[in-house]
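Here is the structure we will look at, set down as structure tokens.
The values are calculated or read from the model by the stated rules, or taken from the named source; none is laboratory data. All figures in this text were calculated on a predicted structure; none of them were measured in a lab. Please note: Cβ atoms are built from the backbone with ideal geometry, for glycine as well, and neighbour counts cover all protein chains shown. Heavy atoms of the whole protein, side chains included, go into the accessibility calculation; ligands, DNA and RNA do not. Shrake-Rupley method; radii C 1.70, N 1.55, O 1.52, S 1.80 Å.
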Amino acid sequence: MQRIVVIGCGGAGKSTLSRQIGERLNLPVLHLDAHYWQPGWIEPSRAAWTHTLASLTARDAWVMDGNYTGTLAQRLAACDSVVFLDISRWRCLWRVARRGLSYRGRIRPDLADGCPERLEWAFFRWIWQFPRQTRPRLEAVLAQAEGKRLIRLRSPREVRAFLRWL
């Protein structure tokens with residue numbers, strides 16, 4: 001495992017797990033949110049994002065976390081393994097609320113400079129709808145990823161077992 005994509009709902013633990021995988025396998029960790037967003041939560045142009053992503057995936061080894069379903073196929077083409085954190089929406093909602101309060105007005109380590117933590121109802125709604133709307137799209141793209149190791153983790157217990165396995 002040298003090029004690992006970590007996906008899952010907001011609050012599933014993608015950034016935390018990516019850091020833990022990176023530490024255990026001695027791989028650089030690439031948080032897509034830190035590369036996507038510009039100060040003030042400004043989105044890059046499509047061309048700029050495509051260029052950034054191409055340079056990130058061209059690296060020899062990495063752990064890359066983030067959904068960005070529009071570019072998932074590109075990342076899957078470059079990776080050898082996918083870790084899908086398929087965690088319950090209730091746990092994800094709780095984690096996002098807790099994270100939002102603990103980092104309120106500050107910048108998390110996995111975000112871009114100039115992008116302080118914020119809690120928005122739209123994000124909570126996206127998390128609630130994830131099982132019906134986003135998960136099927138992710139699974140459709142994953143179904144096309146032949147030859148990739150797919151690891152689906154559904155609970156904190158499974159995450160801990162996976163980390164022990166590493």
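Values computed for the structure shown
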{"read-out": "Residue list for segment 102-127, filter: in a helix (DSSP H, G or I) and either over 17 Å from the mean Cα position of the chain (by Cα) or closer than 25 Å to Gln74 by Cβ (or both)", "value": "Ser102, Trp121, Ala122, Phe123, Arg125, Trp126, Ile127"}
{"read-out": "Failed condition for Ile7, given (1) under 20 Å from Gln133 (Cβ atoms); (2) touching a Gly at 6+ places or on another chain (Cβ under 6 Å); (3) hydrophobic (A, V, I, L, M, F, W, C)", "value": "(2)"}
{"read-out": "Segment 43-72: number of residues that are in a helix (DSSP H, G or I), in contact (Cβ under 8 Å) with a residue 12 or more places away in the chain and either open to solvent by 60 Å² or more (accessible area, probe 1.4 Å) or in contact with a Pro (Cβ under 8 Å, 6 or more places away or on another chain) (or both)", "value": "2"}
{"read-out": "Given (1) surrounded by 11 or more Cβ atoms within 10 Å (Cβ to Cβ); (2) assigned to a helix (DSSP H, G or I); (3) of a type in the set (D, E, K, R), index of the condition Arg157 fails", "value": "(1)"}
{"read-out": "Positions within segment 110-149 being within 22 Å of Gly40 (Cα to Cα), surrounded by 11 or more Cβ atoms within 10 Å (Cβ to Cβ) and touching a residue at least 60 places away in the same chain (Cβ under 8 Å), in sequence order", "value": "Asp110, Leu111, Ala112, Gly114, Cys115, Arg118, Phe123, Trp126"}
{"read-out": "Boolean, Ala97 is among the hydrophobic types (A, V, I, L, M, F, W, C) and at pLDDT 95 or above", "value": "yes"}
{"read-out": "Lone unmet requirement of (1) touching a Ser or Thr at 6+ places or on another chain (Cβ under 6 Å); (2) under 28 Å from Gln129 (Cα atoms); (3) open to solvent by less than 60 Å² (accessible area, probe 1.4 Å) for Ile87", "value": "(1)"}
{"read-out": "Filter result (open to solvent by 30 Å² or more (accessible area, probe 1.4 Å) and not polar (S, T, N, Q)) within segment 31-42", "value": "Asp33, Ala34, His35, Trp37, Pro39, Gly40, Trp41, Ile42"}
